[in-house]
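Written below as structure tokens is the structure these notes are about.
The values are calculated or read from the model by the stated rules, or taken from the named source; none is laboratory data. Keep in mind the model is a prediction, meaning the values are calculated, not measured. Backbone-built Cβ (ideal geometry, glycine too); neighbour counts: all protein chains shown. Side chains are part of the model used for accessible areas, which takes the heavy atoms of the whole protein and leaves out ligands, DNA and RNA. Shrake-Rupley method; radii C 1.70, N 1.55, O 1.52, S 1.80 Å.
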Amino acid sequence: MMRSLLRDRSGSVVVEFALIGPTFIALMLGVLQIGMGMQNYNALRSVGSDVMRYAVVNYQTNNDVTNIQVRDYARSIASRAPYGLNSTRLAITVAPVATSRVSGTIEKTLTLTYSVPTVLTIIGFGEFPITYSQSIFLVND
């Protein structure tokens, strides 16, 4: 009886999966999490570029561009397609720079911080923030 139990391999696949399966699943979820983070970072970069373009065009057409307008525009386009960022996870700051690096311009810094949702809560990995900053140069006439 004991010899037949030692030679029996019918449950070995289940035991091997129980040992290796959780690690493999965690690795696959990690790859998914990195992909989500990269997509969100690229969305922040694109939002920054769109906001910069908006501010420059409006300023050149003699419209006053306030920090609040820039922030509100950034929030509105970030939550729509194609970016689809969750506006409750997005923090936007627009700050004037005291001394512009380029003479004859007004410089502002747009900072976007997004809290990336996680799929790794089962292994104790929480949300993580990503930050992108974009300089905006408005030309004085």
Study note, to complete from the structure: To the nearest 10 degrees, the tilt of helix 12-60 (Cα long axis) against the first principal axis of the alpha carbons of the chain is 10
Review point. Quick one: how many Å² of LEU32 are accessible to a 1.4 Å probe, rounded to 10?
Key: 90
Exercise for review: Per DSSP H run of n ≥ 4, the term is -39500 (n - 2.57); total these for the chain, divide by its residue number, and report the mean residue ellipticity at 222 nm rounded to 500 deg cm²/dmol.
Suggested key: -17000 deg cm²/dmol
Review point. Helix 67-79 versus the longest principal axis of the chain: what is the Cα-based angle in degrees, 0 to 90, to the nearest 10?
Key: 30
Revision key, fill the gap. Of every hundred units of 1.4 Å-probe accessible area on region 30-141, the number belonging to carbon and sulfur atoms, as a percent, is 56
Practice item. Give the dimensionless ratio obtained when the Cα radius of gyration of region 1-134 is divided by 2.2 N^0.38 Å. Key: 1.75
Review point. Which far-off residues, 5 or more places away or on another chain, put their amide H under 5 Å from the one on VAL97, with H placed in the peptide plane?
Key: GLU107, LYS108, THR109
**Study point:** Assigned charges on the beta-carbon of Lys, Arg, Asp, Glu; region 1-112 dipole about Cα centre (debye)
**Key:** 240
